[in-house]
Amino acid sequence: MYACRFCGRVEARPLALCPGCGTWGSFRPIEDLRPSAPPAKAFESPSLGLLERLVGKVPPGTVLLLGGEPGVQKSTLALSVASAMAQSGPVLYVCGEERASVVEERAKRVGARGLQFLEEYLVGRILRAAEGYRGLVVDSLPTVAPRASLSAGGPTAQREAAMEFVRFARKTGCVVLLVTQVAKRGLSGPEMVEHVVDVILVLAKQANRTKVLQVTKNRFGPAPAALCVEMTPSGLLPARILFRCSKVSQ
């Protein structure tokens with residue numbers, strides 16, 4: 001697979017002219033664009049809580065992408081994962097969708113502890129603040145921007161921001177969880193984002209009020225797999241696990 005290094009458009013072969021941005025000679029193999037430097041620090045990867053039921057133990061420097069439609073409680077799941085990671089070391093939770101005080105109150109209600117909260121939208125400031133942390137949660141990717149001159153939420157902003165987070169994870173060994181939305185065609189943002197992350201999870205509503213957490217990509221193990229979860233006063237808890245689930249009803 002090949003991707004345009006300017007707009008992130010993905011094609012099966014290297015086109016001379018990118019249909020997305022109109023740039024000539026911009027397609028490169030995705031492997032050449034993906035940051036692949038090993039983590040600089042050798043330490044055990046933190047726990048991912050109920051996500052480990054699906055993806056197992058991931059190595060340091062892993063980047064996960066969690067998607068779901070609005071109102072499906074992605075943030076509640078992200079808080080649960082962040083709290084599990086915090087048992088192994090400090091975790092920074094970046095609040096872009098809501099004020100940090102609101103997220104902190106929700107964290108207390110679901111029993112998420114040991115987290116530091118930050119309201120910030122510039123990736124550079126986020127990464128400087130995250131130095132020395134074992135885990136980083138960005139809620140959400142469409143709300144951050146790689147630089148002040150670029151508006152958050154656009155394809156270029158999401159692609160560049162994702163690449164910066166991947167580079168940071170590979171360099172430091174920090175495990176990064178990026179939260180995003182689900183659009184009509186799939187996950188929000190350019191296709192390039194899905195190619196550079198290591199694990200992709202999608203949280204979807206079910207007709208019977210339960211939710212299904214599905215793994216659609218796992219660089220470290222088999223996919224797809226799915227886990228039924230239920231909302232309780234303590235947050236989202238696993239109900240039953242489904243393996244080799246090729247399709248989840250919406």
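Bear in mind that the values in this text are calculations on the coordinates, not laboratory data. These numbers were taken from a predicted model, which means no experiment stands behind them. Positions of Cβ are backbone-derived with ideal geometry, glycine not excepted, and every protein chain shown enters the neighbour counts.
So how do ILE126, ILE200, ILE30 line up by other beta-carbon neighbours within 10 Å, fewest first? Mind dumping the intermediate values first?
Working: ILE126 21, ILE200 24, ILE30 15.
Ranking ILE126, ILE200, ILE30 by Cβ neighbours within 10 Å, fewest first, gives ILE30, ILE126, ILE200.
Counting only Cα, what are the radius of gyration and maximum Cα-Cα distance Dmax of the range 43-196, in Å?
14.1, 41
What ranking, highest mean first, results for peptides 64-73, 203-212, 86-95 when packing means the other Cβ atoms within 10 Å averaged over each residue? Please report the intermediate quantities before stating the final value.
Details: 64-73: 18.9, 203-212: 14.7, 86-95: 21.1.
With the highest mean Cβ count within 10 Å placed first, the list reads 86-95, 64-73, 203-212.
For LYS57 paired with GLU131, estimate the spin-label separation in nm (one decimal), with each label point 7 Å from Cα along the Cα-to-Cβ line.
Modelled inter-label distance: 3.0 nm.
For THR216, THR62, THR143, what ranking results if the residue with the fewest other Cβ atoms within 10 Å of its Cβ goes first?
If I rank by nearby Cβ atoms, fewest first, I get THR216, THR143, THR62.
If a paramagnetic tag sat 7 Å from the Cα of GLU105 along the Cα-Cβ line, which residues of the range 64-92 would have the backbone N under 18 Å from that point?
The answer is 75-76, 79, whose backbone nitrogens lie closer than 18 Å to the label point.
Set the bar at 18 Å for Cα to Cα. Now go through LYS108/LYS205; LYS57/LYS108; LYS74/LYS211; LYS74/LYS205 and name every pair that lies beyond it.
Details: LYS108/LYS205 24 Å; LYS57/LYS108 26 Å; LYS74/LYS211 11 Å; LYS74/LYS205 11 Å.
The pairs that break the limit, which is 18 Å between Cα atoms, are LYS108/LYS205; LYS57/LYS108.
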